[in-house]
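Worksheet: the structure to be examined is printed underneath.
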Protein chains: 2
Amino acid sequence: MSEMRWDPLKNLWVAVADSKSRNPRDFFMERQKLTTTACPFCYGQENKTPPEIFALRPDGSPPNKPGWRVRVVPNKYPMLGIEGELAQRGEGLYDAMNGIGAHEVVIETPDHERSTADLSAAELADVLHAIQTRLVDLRRDARFRYIMPYKNDGLEAGSTIPHAYSQILALPVIPPEVSRALSTSKDYFVRKDRCLMCDLLAQEVADGRRIVRNDGEFLTFCPYAARHPFEVMIAPQRHSHDFTQLDHGSLTRLAETLGDLLRRQRQVLRDPPYNILLYTAPPPHRRPGKPNYWNTLSFDYHWHMELMPRLARPIGVEWGSGFYCNPTAPEEAAAFLRDAFLHPAP
Amino acid sequence: MSEMRWDPLKNLWVAVADSKSRNPRDFFMERQKLTTTACPFCYGQENKTPPEIFALRPDGSPPNKPGWRVRVVPNKYPMLGIEGELAQRGEGLYDAMNGIGAHEVVIETPDHERSTADLSAAELADVLHAIQTRLVDLRRDARFRYIMPYKNDGLEAGSTIPHAYSQILALPVIPPEVSRALSTSKDYFVRKDRCLMCDLLAQEVADGRRIVRNDGEFLTFCPYAARHPFEVMIAPQRHSHDFTQLDHGSLTRLAETLGDLLRRQRQVLRDPPYNILLYTAPPPHRRPGKPNYWNTLSFDYHWHMELMPRLARPIGVEWGSGFYCNPTAPEEAAAFLRDAFLHPAP
């Protein structure tokens with residue numbers, strides 16, 4: 001049976017299994033194989049992608065040639081197009097604007113054979129650094145209200161190319177889940193003069209049951225009201241609204257934390273497809289020729305990452321209603337992930 | 001490329017393809033076969049389910065024996081349990097309550113071989129009547145804040161038994177999507193003294209591009225800012241907050257509308273897995289021993305149904321962010337569904 005639990009950040013109720021939790025083996029699935037001939041993300045195939053926007057090229061190699069460690073290119077099939085002014089209009093009761101945005105691909109390694117979980121902390125720190133750099137650049141574009149780095153790994157999670165890559169989507173609107181968390185964070189701060197996520201992390205540390213890993217700087221834990229089994233959050237324990245402000249030392253520790261989590265997940269859930277989302281405060285809202293009705297930075301927001309494995313579990317009514325029933329208690333999920341390397345592989 | 005569109009009921013932005021829409025054949029998939037030995041929803045297997053709560057038994061046959069046309073039983077594996085008082089508590093920043101609810105199964109026909117799309121209007125009207133009856137009964141229970149009838153059809157849509165059935169879930173909370181639509185409906189009514197959905201339906205009728213079918217009473221259309229390809233809404237054009245108030249004549253016309261839509265969907269999308277949700281106003285909020293802080297009925301809400309086919313299309317970042325990119329313009333989806341029987345099967 002289930003217990004109803006309320007998530008104060010997302011402001012929603014979730015039914016969470018409180019007995020007979022489903023264990024990892026109930027979710028094992030075989031990944032569908034993605035194949036490609038002459039992968040566009042490998043060395044020597046640089047001309048198969050649009051020209052690069054940014055790359056880490058330690059040996060001073062010329063752009064769009066081999067030699068890079070991490071390479072950022074425009075998505076060849078973008079969700080939203082980069083060209084044009086943002087034109088808003090009403091259509092009776094509806095509103096529309098042209099689909100202006102940026103959609104970029106971060107190729108995490110030239111090595112076709114290695115997954116993100118295989119990357120070293122130094123390599124993952126390079127990827128995170130490339131994302132920081134792109135965030136800082138994209139924020140300068142006044143057409144974008146929100147910039148969202150994310151990763152789809154595996155066909156079932158929305159990936160299309162079998163080579164380790166992340167994506168960055170810049171949007172002319174704030175996605176609804178982000179918008180709600182911004183509101184709850186601001187409301188809480190106004191009322192208490194404290195950050196909601198800071199309080200939440202302190203409570204998680206004191207409780208301990210849902211913690212996967214705590215290196216003193218970053219906390220890895222299963223959220224109290226997780227909507228999906230084995231969902232995990234990583235957040236910095238020192239308040240920061242802005243992921244781009246992490247310095248090199250912290251970025252390396254975050255890379256260690258993330259790599260560790262991906263390897264735990266791979267071990268416990270047998271290499272499932274998954275999604276990662278990185279949530280960081282939106283840039284200040286300014287539009288040419290419009291009043292600055294929201295010109296404060298969201299200092300009360302607390303940046304974080306979410307990892308959602310995509311497990312063998314059809315989702316029915318949850319899609320439309322937003323009411324989720326999580327068959328694995330977060331306390332049990334955390335215990336499995338915590339003990340990932342204590343037992344032989346199941 | 002895409003256009004950004006705003007849904008005034010759900011209060012969210014969706015990116016909708018405005019050129020090169022994906023057509024039905026891009027989404028065809030083979031349903032995974034569900035199998036069962038001695039189906040618990042067939043005649044003669046009545047003792048394999050918990051005892052029936054309600055049944056349409058025209059020949060006066062005894063309960064839990066063959067002879068029924070529609071049969072409602074408790075779900076053997078409920079998401080939430082029916083027993084106990086609702087006990088709420090805080091856990092630091094979090095909130096919890098025990099998982100009290102009702103989870104029922106509406107067996108739509110004794111015939112194992114027929115899908116819901118095969119049912120006659122009279123048979124579907126029986127199913128809708130059974131749902132009305134259960135809604136009226138479940139609303140009497142003061143522990144439930146919302147009662148949600150829905151249907152998962154096909155393994156990929158969350159179904160587990162290969163026999164036509166719907167479900168009813170009574171919850172101690174209002175699901176987030178419903179809660180948002182209740183708010184936007186109320187806000188609109190307070191401001192304009194008119195119903196948002198009534199205005200929206202009038203605009204759709206005047207526009208015409210997104211209409212699949214209009215019998216004068218019920219409008220079947222693809223929402224302007226649909227999040228999923230081939231998503232469809234059915235709503236009564238005369239205002240009503242409460243699905244249970246439909247009389248027998250209207251129920252039969254709704255059954256005709258729904259059956260027609262299911263057959264169009266089967267034709268155009270080659271029998272896809274799908275979900276249906278029925279949204280109707282929540283019962284008044286009253287809890288024993290608690291103040292009635294919200295004791296008005298939601299007369300400003302407008303009941304409706306949503307149909308979401310589950311197409312061969314992995315969803316990635318949409319899951320976590322709530323930002324959806326719909327690859328098929330609703331105008332094109334509506335045209336395909338409108339013309340479903342004009343052309344030979346693709």
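The values are calculated or read from the model by the stated rules, or taken from the named source; none is laboratory data. No experiment lies behind these values; they were computed from the predicted model shown. Note: ideal-geometry Cβ built from the backbone for every residue, glycine included; neighbour counts use all protein chains shown.
For the reader, a short list of remarks on this structure follows.
- Verdict on A:R209 being more than 23 Å from A:L246 (Cα to Cα), within 12 Å of another protein chain (Cβ to nearest Cβ) and modelled with pLDDT under 95: no
- Of the residues in the range A:103-119, at least one is crowded, with 23+ Cβ neighbours inside 10 Å, more than 15 Å from the chain's Cα centre (by Cα) and in contact (Cβ under 8 Å) with a residue 60 or more places away in the chain.
- For the residues B:I161, B:I168, the requirement of being within 26 Å of B:G101 (Cα to Cα) and assigned to a loop (DSSP other than H, G, I, E, B) singles out B:I161.
- Selection from the range A:184-194 of residues that are farther than 12 Å from A:P8 by Cβ and under 22 Å from the mean Cα position of the chain (by Cα): A:K186
- Residue check for B:S185: in a helix (DSSP H, G or I) and more than 12 Å from every other protein chain (Cβ to nearest Cβ): yes
- Out of A:G208, A:G154, sole residue that is surrounded by fewer than 16 Cβ atoms within 10 Å (Cβ to Cβ) and among the small types (G, A, S): A:G208
- Of the criteria (1) modelled with pLDDT under 95; (2) among the hydrophobic types (A, V, I, L, M, F, W, C); (3) under 30 Å from B:D26 (Cβ atoms), which one B:L182 fails: (3)
- Failed criterion for A:H239 (all others in (1) surrounded by 21 or more Cβ atoms within 10 Å (Cβ to Cβ); (2) within 24 Å of A:P175 (Cα to Cα); (3) away from every other protein chain (no Cβ under 14 Å) hold): (1)
Conditions (1) at negative phi; (2) exposed (fewer than 14 other Cβ atoms within 10 Å of the Cβ); (3) aromatic (F, W, Y), marked per residue:
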| position | (1), (2), (3) |
| --- | --- |
| A:D26 | yes, yes, no |
| A:C39 | yes, no, no |
| A:F54 | yes, no, yes |
| A:V70 | yes, no, no |
| A:R89 | yes, yes, no |
| A:A96 | yes, no, no |
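- Selected residue (criterion: modelled with the lowest pLDDT) from residues of the range B:259-283 that are more than 14 Å from chain A (Cβ to nearest Cβ) and touching a Ser or Thr at 6+ places or on another chain (Cβ under 7 Å): B:A281
- Inside the range B:120-156, residues that are within 27 Å of B:Q32 (Cβ to Cβ), among the acidic types (D, E) and more than 14 Å from chain A (Cβ to nearest Cβ) make up a count of 1.
- Neighbours by Cβ (under 8 Å, 6+ apart or cross-chain): first from the range A:250-268, under 16 Å from A:M233 (Cβ atoms); second buried (at least 21 other Cβ atoms within 10 Å of the Cβ) and of a type in the set (F, W, Y): A:L254/A:F218; A:T257/A:F218; A:Q265/A:F230; A:Q265/A:Y274
For (1) farther than 19 Å from B:P40 by Cα; (2) more than 8 Å from chain A (Cβ to nearest Cβ), each residue gets a yes or a no:
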{"site": "B:K65", "(1), (2)": "no, yes"}
{"site": "B:R71", "(1), (2)": "no, yes"}
{"site": "B:L80", "(1), (2)": "yes, no"}
{"site": "B:G84", "(1), (2)": "yes, yes"}
{"site": "B:A87", "(1), (2)": "yes, yes"}
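- Of the residues examined, A:Y94 is one that is modelled with pLDDT of 95 or more and either hydroxyl-bearing (S, T, Y) or closer than 20 Å to A:I168 by Cβ (or both).
- Neighbours by Cβ (under 6 Å, 6+ apart or cross-chain): first from the range A:328-346, farther than 22 Å from A:V14 by Cβ; second aliphatic (A, V, I, L, M) and modelled with pLDDT of 90 or more: A:A340/A:V268
- Complete set of residues in the range A:287-307 that are modelled with pLDDT of 70 or more and either surrounded by fewer than 17 Cβ atoms within 10 Å (Cβ to Cβ) or not in a loop (DSSP other than H, G, I, E, B) (or both): A:F299, A:H304, A:M305, A:E306, A:L307
- Boolean, B:R5 is modelled with pLDDT of 95 or more and at the interface with another protein chain (Cβ under 10 Å from one of its Cβ atoms): yes
- Residue in the range A:189-196 that is surrounded by fewer than 22 Cβ atoms within 10 Å (Cβ to Cβ), closer than 18 Å to A:I234 by Cα and among the aliphatic types (A, V, I, L, M) present: no
- Test result for B:A226, aliphatic (A, V, I, L, M) and either part of a loop (DSSP other than H, G, I, E, B) or over 28 Å from B:T252 (Cα atoms) (or both): yes
- Unique match (being basic (K, R), within 14 Å of chain A (Cβ to nearest Cβ), surrounded by fewer than 19 Cβ atoms within 10 Å (Cβ to Cβ) and under 30 Å from A:M1 (Cβ atoms)) among B:K76, B:K20, B:K48: B:K76
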